[in-house]
Amino acid sequence: MMPSTTSEKSSEASPAQAAFIFRCIGCAAIARSAAHDFRCSRCGNLLEITDASWKSTSLHAVALKSIWHERRSSNEFLDQSGVWRFRELLPAPVSTEHVVTLREGNTPLYELPQCSRITGMEQLYAKHQGMNPTGSFKDTGMTVAATFAHEAGYRWVACASTGNTSASMAAYAARGGMRSLVLVPEGKISWSKLSQALDYGALTCQLRTDFDGCLRLLQELVRRAPVYQLNSINPFRLEGQKTLAFELLEQFGWEPPDHIIVPGGNLGNSSAIGKALLEMLDIGLISRLPKLSVIQAEGANALVRTLREAEGKNLVSVQAETRATAIRIGNPASWQKAIKVLEATGGACEQVSEIEIAQAKAEIGAEGIGCEPASAVTLAGLKKLLRQGFVKTGETVVLVLTGNLLKDPDFTNEFHRGELFSGTADEQEAANLNPLRHPPVALDATLDAVIQTLERAEKSGPPEANA
Ligand code: F0G
């Protein structure tokens, strides 16, 4: 018998946390438990988690803000997690014994003075989810979904991935004493992410297909084998990823920024952030909604095309191709959830080119922060939204940086060595990015050689000081 993915609670459940339910995003059917593919048994659409108590008057916004704030100085393991700190707005496990945590979340909000100057923005920030334990935003969702996998008694968890989900899942599975199965497209993910899955002990299968092929196969697998799916189709993942928005608003003193800009791949993260914003508005934690915008790579622009060519009514899939391999996805699973949050918050959806991504990534790197290529679409997208007048320079903007710089060292090294666009149609245009490159200099090991190099660098001008 496979363990069921149920929401039933025993009497041990915390009284403050009522039982959650699953709701279909298509036909709105309600269920107390979910099938292994996390799809509606009536119409096949995706499920989301909701909880009547989240809207009830028993949750006073002022009290919540103060409880969450107090927990920041607590030594309790649950409170030290930047996800479980917000547990009043998360599904509750039967017992805290099941919680699998690496003290995720608690990520910094950085000012971006150099990127502000480049874009003309007065208030530009980065919420750096790459500062999570395994280096990406996936950890905030994984702690919740791994907890429920543990509670349901699963021995195996599994995911299809462009790299970050697999790294995160493998880590949380190991912490929770579960085994993990990773399906990744062969040769299409960064070796640094792959190395994480290997080290955390995952059974890693490199399939001769793309991410979309891996995900299709996983969906079939979960119907046949007792493995628990940890892709963002799993609504528990999205519940955990909501905390990015809770934490961000707390960092802003609950005064919402005007815009939040997020990369779009399988579209789970944008859906989760949007859900959190709407819940915060409902409860009265915030009084207005930031506009949530989604940016895709031109070569993986399924959502952009779905909105432009099909008015958001049916998915326009694409054969995805981009060096931002984390978002090399042509058939995003959560496209309907993402469209709902774009509509609800009044956000935009844009696409950016490979050159624009490389430029933005180097500019974020030059801030002393850095991120992986997929995260840099946010800055590239902001420039476009500014040109279109959708974002105004006087507004407050937050870029969600989803992954750490160290996630894709090949991209960075190739960029700085001037090899990233060699032999591609972008080769000539890429020459415009030369001022942003900082290639290593090979020298004889003499003092003279180093001093001359230093002097040459000094003459060519310092980077602008951070005002
Ligand atoms: N940025 C990074 C660094 C990612 O790893 C991903 C997705 C995204 C953005 C897009 O987020 O899918 O929620 O829209 N990576 C997944 C993975 C698909 O398997 O690691 P999304």
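The values are calculated or read from the model by the stated rules, or taken from the named source; none is laboratory data. Note that the structure is a prediction, hence the values are computed from the model and not measured. A quick note on method: Cβ atoms are made from the backbone with ideal geometry, for glycine too, and the neighbour counts reach across all protein chains shown. Heads up: the accessible areas ignore ligands, DNA and RNA and are worked out on the full protein's heavy atoms, side chains in. Shrake-Rupley method; radii C 1.70, N 1.55, O 1.52, S 1.80 Å.
Inside segment 327-356, residues that are over 20 Å from K275 (Cβ atoms), open to solvent by 20 Å² or more (accessible area, probe 1.4 Å) and outside any loop (DSSP other than H, G, I, E, B) make up a count of 3. Scan segment 43-51 and tell me whether some residue there is assigned to a loop (DSSP other than H, G, I, E, B), touching a residue at least 40 places away in the same chain (Cβ under 8 Å) and surrounded by fewer than 19 Cβ atoms within 10 Å (Cβ to Cβ). Scanning segment 43-51 turns up at least one residue that is assigned to a loop (DSSP other than H, G, I, E, B), touching a residue at least 40 places away in the same chain (Cβ under 8 Å) and surrounded by fewer than 19 Cβ atoms within 10 Å (Cβ to Cβ). Report yes if some residue within segment 386-407 is free of Cβ contacts under 8 Å to residues at least 40 places away in the same chain and open to solvent by less than 70 Å² (accessible area, probe 1.4 Å); otherwise report no. Yes: segment 386-407 contains one or more residues that are free of Cβ contacts under 8 Å to residues at least 40 places away in the same chain and open to solvent by less than 70 Å² (accessible area, probe 1.4 Å).
Residues in segment 115-157 that are of a type in the set (K, R) and buried (at least 22 other Cβ atoms within 10 Å of the Cβ) were compared, and the one that is nearest to L248 (Cα to Cα) is K127. The residues of segment 172-202 that are touching a residue at least 24 places away in the same chain (Cβ under 8 Å), open to solvent by 40 Å² or more (accessible area, probe 1.4 Å) and either within 29 Å of V318 (Cα to Cα) or among the polar types (S, T, N, Q) (or both), listed by number, are K188, W191. In segment 263-292, which residues are in contact with a Gly (Cβ under 6 Å, 6 or more places away or on another chain) and open to solvent by 10 Å² or more (accessible area, probe 1.4 Å)? Hit for segment 263-292 is K291, nothing else. Within segment 78-93, identify whether any single residue is part of a loop (DSSP other than H, G, I, E, B) and open to solvent by 10 Å² or more (accessible area, probe 1.4 Å), and answer yes or no. Yes, segment 78-93 contains at least one residue that is part of a loop (DSSP other than H, G, I, E, B) and open to solvent by 10 Å² or more (accessible area, probe 1.4 Å). Within segment 413-448, being open to solvent by 90 Å² or more (accessible area, probe 1.4 Å), assigned to a loop (DSSP other than H, G, I, E, B) and closer than 12 Å to A362 by Cα holds for one residue alone: H438.
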